[in-house]
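**Q** Got a structure for you, questions after.
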Amino acid sequence: MSADRHPTRPSDTMTTDSPPDRTPADEPGDSSTPAAPSSGAGAAATPEAKKSPEPKKSRAGRDLPAAIGVGGSLGIGIILILIFVPTVWYAVVAVSFAVATWEVAKRLRDGGYDIALWPLLVGGQAIIWSSWPWGQTGVLVAFAATVLVAMVWKLLAQGISNAPENYLRNLAATVLVLAWLPLLASFGAHMVVQDHGAARVATLMVVVVCSDVGGYAAGVLFGKHPMAPAISPKKSWEGLVGSLVVGTTGAICCVVFLLGSHWWIGAILGPVLVVCATLGDLVESQVKRDLGIKDMGSLLPGHGGIMDRLDSLLPSALIVWAVLTALL
């Protein structure tokens, strides 16, 4: 997640200057509108008065109870999988990123990008699953093969006798999605078959959550200096500091107690992961701004789509895989 995010994603507003929701009391007086009747016994209720008030939302404009409920349920499910059937983690990653790829592809197509959907879906699964028997060599081969298929797919999309329109633009968007989603996800999937695999995946999840919680708390309590107002107006430098403190603490605890290794590995992992997670969230925020949308989907109440929960996990998966592979 991000420097000052919480499960309700305060960073994903569409514009930096969108006005807050206003009630009739916020509007200036209008002579064309009759004054509201007094609250006496004979006063007739106006249509506005009969409307039930909207449920209160968090500062992010989200349904906070729903977000917490969904996030907690997903977290419990992942913990149970890692404890009892860790290899099922591969299936969880594969299904999640098939849905996320479909969400992103749909949004890009709505935005005018004619990406190669079927090569993305099929090739994405090949990239993720090939890491199980063949490691990162299998991932690289599957990625390169999918890029080649996408090149030919877009070339022949309108028939052999017709020149494709916006070929370079659409192919570039296709390769971007391929590298952004299944390629980075393959590192998170592959960790589960390494030594102490379940603990490595748990470290990834715990540190990202710690970063998210620390960033949100610090941002709400102390955030006054925007980090990237043109991209994500509610992110603050104070939130980043909170993410660094809580995320690094979580990384040290995970490395010591889950992996049984040296604390200094966590001291390296924590800050690098927090920075990369924050940048990953900013990347998705900018993509959504370019497309003029708030969320990639609506599958998860209070969160948005699957991709809206995975944006910071993607670069974090690469970082955790690389640091733990190199130092453990």
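The values are calculated or read from the model by the stated rules, or taken from the named source; none is laboratory data. This one's a predicted model, so the numbers in the text were calculated from it and none came from an experiment. Here the Cβ positions follow ideal geometry from the backbone for every residue, glycine too, while neighbour counts run over all protein chains shown.
Residues are listed down the side, and each one gets a yes or a no for (1) part of a strand (DSSP E or B); (2) in contact (Cβ under 8 Å) with a residue 24 or more places away in the chain; (3) within 17 Å of the chain's Cα centre (by Cα):
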{"residue": "ALA202", "(1), (2), (3)": "no, yes, no"}
{"residue": "GLY215", "(1), (2), (3)": "no, yes, yes"}
{"residue": "GLY239", "(1), (2), (3)": "no, yes, no"}
{"residue": "CYS254", "(1), (2), (3)": "no, yes, no"}
{"residue": "LEU269", "(1), (2), (3)": "no, yes, no"}
{"residue": "LEU282", "(1), (2), (3)": "no, yes, yes"}
{"residue": "SER298", "(1), (2), (3)": "no, no, yes"}
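**Q** State whether the residues of segment 223-237 include one that is in contact with a helix residue (DSSP H, G or I) (Cβ under 7 Å, 6 or more places away or on another chain), assigned to a helix (DSSP H, G or I) and in contact (Cβ under 8 Å) with a residue 60 or more places away in the chain.
**A** Among the residues of segment 223-237, not one is in contact with a helix residue (DSSP H, G or I) (Cβ under 7 Å, 6 or more places away or on another chain), assigned to a helix (DSSP H, G or I) and in contact (Cβ under 8 Å) with a residue 60 or more places away in the chain, which makes the answer no.
**Q** Name the residues in segment 242-282 that are surrounded by fewer than 23 Cβ atoms within 10 Å (Cβ to Cβ) and either among the aromatic types (Phe, Trp, Tyr) or in contact with a Lys or Arg (Cβ under 9 Å, 6 or more places away or on another chain) (or both), would you?
**A** If the condition is that a residue be surrounded by fewer than 23 Cβ atoms within 10 Å (Cβ to Cβ) and either among the aromatic types (Phe, Trp, Tyr) or in contact with a Lys or Arg (Cβ under 9 Å, 6 or more places away or on another chain) (or both), then PHE257, LEU258, LEU259, TRP263, TRP264, LEU282 are the ones that fit.
**Q** Then there's this: Among the listed residues THR101, THR137, THR87, identify the single one that is modelled with pLDDT of 75 or more, among the β-branched types (Val, Ile, Thr) and under 17 Å from the mean Cα position of the chain (by Cα).
**A** Going through THR101, THR137, THR87 in turn, the sole match is THR101.
**Q** Those residues that are touching a Lys or Arg at 6+ places or on another chain (Cβ under 8 Å), surrounded by fewer than 20 Cβ atoms within 10 Å (Cβ to Cβ) and on the phi > 0 side of the Ramachandran plot, I need them from segment 283-305; list them, please.
**A** none
**Q** Based on this model, can you work out whether ASP290 counts as in contact with a strand residue (DSSP E or B) (Cβ under 6 Å, 6 or more places away or on another chain) and closer than 23 Å to GLY111 by Cα?
**A** Working: in contact with a strand residue (DSSP E or B) (Cβ under 6 Å, 6 or more places away or on another chain): no; closer than 23 Å to GLY111 by Cα: yes.
Answer is no for this residue.
**Q** Restricted to segment 184-241, and to residues that are closer than 14 Å to THR278 by Cα and β-branched (Val, Ile, Thr), which residue is surrounded by the most Cβ atoms within 10 Å (Cβ to Cβ)?
**A** Among residues in segment 184-241 that are closer than 14 Å to THR278 by Cα and β-branched (Val, Ile, Thr), the one surrounded by the most Cβ atoms within 10 Å (Cβ to Cβ) is VAL207.
**Q** Here are some conditions: (1) in contact (Cβ under 8 Å) with a residue 24 or more places away in the chain; (2) more than 26 Å from PRO164 (Cβ to Cβ). VAL104 meets all but one. Which one does it not meet?
**A** So VAL104 meets the others, but not (2).
**Q** Considering each of LEU171, LEU121 in turn, give the residue that is outside the structural domain of ALA322 (by TED's automatic domain parsing), assigned to a helix (DSSP H, G or I) and surrounded by fewer than 19 Cβ atoms within 10 Å (Cβ to Cβ).
**A** After ruling out the rest, the residue left standing is LEU121.
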